[in-house]
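The values are calculated or read from the model by the stated rules, or taken from the named source; none is laboratory data. These numbers were taken from a predicted model, which means no experiment stands behind them. Positions of Cβ are backbone-derived with ideal geometry, glycine not excepted, and every protein chain shown enters the neighbour counts. These area figures cover heavy atoms from the full protein model, side chains too; ligands, DNA and RNA do not enter into them. Shrake-Rupley method; radii C 1.70, N 1.55, O 1.52, S 1.80 Å.
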Amino acid sequence: RQRQMCIRDSGQEEGLRQFQNAQQEAKLNANLYLMPTLSNAEIEDTARQMTPSKDDPNYAARMKDLETWNKAYNTIRKQRAEDPVQFAFSGMPDLGLQPITDWTNQDGALLQIQKRIDSMDQVSERFGTPKTLFSKSEISGFLNFMQGMDVEHQADFLNRMADRMSDPTEISSEPLRIFSEQIGNKNQTLAIALGVASTPNGKETNGALRQIKGDFIKKNKLND
């Protein structure tokens, strides 16, 4: 019906061109809606398919669509790079990842952490980003949660996390190293404690617990 109206109003050739453009526009909008769930490879493959040949009668319109597509891709790629896990919550629903909003529910948090470990390779590959375990807001929530506990409980929870995030068959723990890097200079004591716990010796000697207690004692001596 739309095709008939286009042809009737504008003449056959021009009407057909308008109809094709309308179809292409609808397809572009549908693909843009799906873009957050697509892998980088799928987005780039779509861009190649959208690139018109020089003799395409709708060349200008197709190039404009391609520009819109690439602009949206640049935005999504930037968002993914800044916070891959946050993007995975909605962009990769099949993984079933849920934001950790309550760190006081330690068992629930540890269960979700296991899901992150199981899926971090997939997220990294799909989005073309470094391996990441937590969103930025989750890291902030974790640091606030840890600040509310005394040293003993901090160390105890970190050791529970270290156990969950370490593979007994591996010499060192990649998840703990990634977690340490994500905390970085936001809390150097915790970052170092997690880094220590990720090593064979740190795991063997309850390194996270020793690191936190040692830092606590050192700070108290300085205060004294």
**Request:** Roll a 1.4 Å probe over the protein chains and send me the accessible area per residue for segment 58-143 in Å².
**Result:** 51 Å²
**Prompt:** On full extension of the chain, what length is gained from Glu44 through Asp167, given 0.36 nm per residue of separation minus the C-alpha to C-alpha distance?
**Reply:** 40.7 nm
**Message:** Once you place label points 7 Å from the Cα toward the Cβ at Leu95 and Glu82, how far apart are they in nm?
**Reply:** 1.9 nm
**Item:** Derived scalar couplings ³J(HN,Hα) [segment 58-64; Karplus, 6.51 cos²θ - 1.76 cosθ + 1.60; whole Hz; x for Gly, Pro]
**Value:** 9, 3, 4, 5, 5, 5, 5
**Prompt:** So which of Lys78/Lys136; Lys115/Lys136; Lys54/Lys78; Lys78/Lys115; Lys27/Lys78; Lys115/Lys186 end up more than 20 Å apart by C-alpha?
**Reply:** Lys54/Lys78; Lys78/Lys115; Lys27/Lys78; Lys115/Lys186
**Complete:** If the label point sits 7 Å along Cα→Cβ of Lys115, residues of segment 140-164 with amide N under 19 Å come out as 140-142, 161, 164
**Prompt:** Which FRET efficiency, nearest 0.05, do Gln106 and Ser140 yield, Cβ-Cβ r, R0 25 Å?
**Reply:** 0.90
